Amino acid sequence: MDRRAWILFGLLAAVWGSSYLFIKVGLDDLSPGMVVFTRTLLAALVLLPAAAKLGALGGLRERLGPIFLLAAVQVAAPFLLITFGEEHISSSLAGILVASAPIWTALLAIWVDQDERSHGFGLAGVVLGMVGVVLLLGVDAGGGAAAIAGGLMVVLASLGYALGAFHLKRRFSDVAPVGVGAATMGATALLTAPLGLATAPGSLPGVGAMSAVAALGILGTGVAFWIFYFLIASVGPAKATLVAYVAPGFAVVYGVTLLGERFTIGTAAGLVLIVGGSWLAAEGRLPRPVARARARRAALARVEAR
């Protein structure tokens, strides 16, 4: 990776990690449905023109059904679950729990896709990650039943990312990633429009909430995806997807320093267990040729996970 790639990598991790902060601020004046609808609409307005200019939308018109299914499973449902969940838990905790998606992928692969099954250190990573989730939900969530329910929503969101990954691999492996991402964001905006508009505020939201959701959609979703596609093309998927293990650290920093969220020993332990376990479960300990092959298959899957 050259200097420009490193700068973009750091910028992408910082922007993706800020998504949970922006969600939390946006919820001050907006409903979860309105946050998700606005976020995906703005992202689509950023990505669709860029994808069209690059000619990356070809072959998608005849796949509208699979596009909307992907949008529902891997974007709409996870985004809504995360946003509803953040009504009850901290933004930093949400950012950590979302990192468990590779653990779900490894578990589902046992029945869904034998090529993605984990072995050896990968299985150890699954166990470590599950211990981290239990630790955070049982010890560090705080707030009683509501907080546990909110944390479970976020964990289920990461399950949606994993389920969508298999659908993405099977139906869109021959399509340009930026085209799939743009079309999926557009479809998600259409799917979430009824809920968003039905729960629109009766008065003008505050400047803070509006600015946070605008930043979430334009920067945290639209521009961030574009940077991710560029990194995949320039340095390869294996290096580009490592950003998924750096972003949770930024989420914790933002939540603690800007929102005054607490950071405990349990938080630190959960962060290490989930991120480390996810890394092992995904590709961290595989021999290089195998890791590269799996990274190529997983790159598209992770595009929708932020």
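Odds and ends about this structure:
- For region 112-130, the count of residues that are closer than 14 Å to A94 by Cα and either modelled with pLDDT under 80 or surrounded by fewer than 21 Cβ atoms within 10 Å (Cβ to Cβ) (or both) is zero.
- Meets criteria (in a helix (DSSP H, G or I), of a type outside the set (K, R), surrounded by fewer than 24 Cβ atoms within 10 Å (Cβ to Cβ) and touching a residue at least 12 places away in the same chain (Cβ under 8 Å)) for L168: no
- Odd one out for A50, checked against (1) in contact (Cβ under 8 Å) with a residue 40 or more places away in the chain; (2) more than 25 Å from K239 (Cβ to Cβ): (2)
- Within region 290-305, none of the residues are in a helix (DSSP H, G or I), modelled with pLDDT of 85 or more, crowded, with 17+ Cβ neighbours inside 10 Å and not β-branched (V, I, T).
Table: residues versus (1) closer than 22 Å to G196 by Cβ; (2) in a loop (DSSP other than H, G, I, E, B); (3) in contact with a Leu (Cβ under 8 Å, 6 or more places away or on another chain).
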site	(1), (2), (3)
F9	no, no, yes
G33	yes, no, yes
L47	yes, no, no
G95	no, no, no
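- Verdict on L216 being surrounded by fewer than 23 Cβ atoms within 10 Å (Cβ to Cβ) and either in a helix (DSSP H, G or I) or not charged (D, E, K, R) (or both): no
- Residue within region 231-246 that is part of a helix (DSSP H, G or I) and at pLDDT 85 or above present: no
- The lone exception for R285 - which of (1) modelled with pLDDT under 70; (2) crowded, with 24+ Cβ neighbours inside 10 Å it fails: (2)
- Output for region 227-262, where each listed residue is aromatic (F, W, Y) and surrounded by fewer than 17 Cβ atoms within 10 Å (Cβ to Cβ): F230
The values are calculated or read from the model by the stated rules, or taken from the named source; none is laboratory data. Quick caveat: nothing in here was measured; it's all calculated off a predicted structure. For neighbour counting, all protein chains shown are included, and Cβ atoms are generated from backbone atoms with ideal geometry for every residue, glycine included.
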